[in-house]
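Below: one structure, written as structure tokens.
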Amino acid sequence: MMVNKIIVAVDTVILAIGDKGMEVFLIKIKNEPYEGCWALPGAVVQDTESLDDAAKRVIQQRVGDKRIHVKQLYSFGEVDRDVRGRSISVAYFALLSDKKLIKPMLNEQYSEMGWYGVDSLPKMAFDHADILKTARIKLTFMLDEVGVVSKLLPKKFTLSELQKVHEILSGKKIDKRNFVKKTKIDDEIVDTGEMKKGEAFRPAKLFRFR
């Protein structure tokens with residue numbers, strides 16, 4: 001009896017805060033049947049590696065540093081998710097404090113790489129638009145976790161920068177006075193005693209997570 005082989009892959013949702021709000025790093029596929037479509041960076045899981053190791057390998061290839069924390073998101077296994085054959089993808093997401101951490105490296109499979117606002121995606125391959133949607137929903141529920149918000153910020157940040165991250169993740173506008181008042185009683189936020197320099201407007205206090 002012939003057994004159809006099921007491919008197991010990992011796909012990584014690499015996110016950062018940019019001029020377009022929440023942005024995702026995408027690659028443009030060069031070959032058929034998805035030529036010209038954009039996708040999340042991914043790879044087929046090798047026989048000698050775990051799912052986590054495969055995700056870290058993709059991060060190493062795209063970011064150049066496998067120490068970047070990745071968190072498993074969800075498994076996607078719709079029968080028709082890949083026209084080339086049966087495949088299952090285990091999605092991970094990684095949060096970056098700076099888009100410049102990405103070191104784009106093209107290969108024979110990809111023609112372009114770049115950042116896109118999550119609300120203005122190009123034509124996506126596979127079910128990667130659904131994967132990204134799931135990641136966004138997950139992050140909204142994780143908004144109160146310090147480990148999530150802190151990874152999207154530099155080590156020292158202003159309250160305006162912190163508020164911006166909260167607004168982007170929640171999708172809601174936040175009253176600045178209430179946000180500042182709440183932050184001042186948050187034990188996780190510490191005033192560094194330093195000011196952010198090089199700004200056109202009045203220097204702002206810098207904070208860090210405890």
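The values are calculated or read from the model by the stated rules, or taken from the named source; none is laboratory data. All values derive from a computational prediction rather than experimental measurement. Virtual Cβ from ideal backbone geometry, glycine too; neighbours counted across all protein chains shown.
Residue 103 satisfies every condition listed in (1) in contact with a helix residue (DSSP H, G or I) (Cβ under 9 Å, 6 or more places away or on another chain); (2) surrounded by 12 or more Cβ atoms within 10 Å (Cβ to Cβ); (3) within 13 Å of residue 26 (Cα to Cα) except (2). Within the range 16-53, the residues that satisfy the criterion of being assigned to a loop (DSSP other than H, G, I, E, B) and within 14 Å of residue 114 (Cα to Cα) are 19, 20, 36, 37, 40, 41. Restricting 108, 167, 112, 188 to those that are touching a residue at least 40 places away in the same chain (Cβ under 8 Å) and either basic (Lys, Arg) or not assigned by TED's automatic domain parsing to the domain that holds residue 31 (or both) reduces the list to 188.
Under the condition of being among the hydrophobic types (A, V, I, L, M, F, W, C) and farther than 22 Å from residue 102 by Cβ, which residue from the range 149-179 is modelled with the lowest pLDDT?
So the first thing to find is which residues in the range 149-179 are among the hydrophobic types (A, V, I, L, M, F, W, C), and the list is 149, 152-153, 157, 159, 162, 165, 168-169, 174, 179.
Now restrict to residues that are farther than 22 Å from residue 102 by Cβ: 159, 162, 174, 179.
On the way: 159: 92, 162: 93, 174: 92, 179: 88.
Taking the candidates together, the pick is 179.
Considering 30, 20, 5, the condition of being at pLDDT below 95 and under 16 Å from the mean Cα position of the chain (by Cα) is satisfied by 20 alone. Against the condition at pLDDT 85 or above and either in a helix (DSSP H, G or I) or more than 20 Å from residue 39 (Cβ to Cβ) (or both), how does residue 200 come out, does it pass? Spelling it out, it is not the case that residue 200 is at pLDDT 85 or above and either in a helix (DSSP H, G or I) or more than 20 Å from residue 39 (Cβ to Cβ) (or both). When residue 150 is tested against (1) outside the structural domain of residue 96 (by TED's automatic domain parsing); (2) part of a helix (DSSP H, G or I); (3) surrounded by fewer than 17 Cβ atoms within 10 Å (Cβ to Cβ), only condition (3) is not met.
Can you tell me which residues in the range 54-94 are part of a strand (DSSP E or B), surrounded by 13 or more Cβ atoms within 10 Å (Cβ to Cβ) and touching a Ser or Thr at 6+ places or on another chain (Cβ under 9 Å)? Before the answer, list the steps.
We begin by selecting, within the range 54-94, every residue part of a strand (DSSP E or B); these are 70-76, 87-94.
Checking the rest, the ones that are also surrounded by 13 or more Cβ atoms within 10 Å (Cβ to Cβ) come to 70-74, 76, 87-94.
Matches in the range 54-94: 70, 73, 74, 76, 88, 89, 90, 91, 92, 93, 94.
Of the numbered criteria (1) closer than 29 Å to residue 93 by Cα; (2) at pLDDT 85 or above, the one residue 146 fails is (2).
In the range 106-141, what residues are among the aliphatic types (A, V, I, L, M), buried (at least 18 other Cβ atoms within 10 Å of the Cβ) and not in a helix (DSSP H, G or I)? Please lay out each step first, then the result.
We begin by selecting, within the range 106-141, every residue among the aliphatic types (A, V, I, L, M); these are 106, 113, 118, 121, 124-125, 129, 131-132, 135, 137, 139.
Filter again for buried (at least 18 other Cβ atoms within 10 Å of the Cβ), leaving 118, 124-125, 131-132, 135, 139.
Scanning the range 106-141 gives 118, 124, 125.
Checking the conditions here, which among 118, 70 is among the hydrophobic types (A, V, I, L, M, F, W, C), closer than 24 Å to residue 152 by Cα, assigned by TED's automatic domain parsing to the domain that holds residue 16 and in contact with a Phe, Trp or Tyr (Cβ under 8 Å, 6 or more places away or on another chain)?
Checking each option against the conditions leaves just 70.
Pairs linking a residue in the range 121-136 that is assigned by TED's automatic domain parsing to the domain that holds residue 28 to a residue that is of a type in the set (D, E, K, R) and in a loop (DSSP other than H, G, I, E, B), with Cβ atoms under 8 Å and 6 or more positions apart or on different chains, are 126/81; 126/82; 127/78; 127/81.
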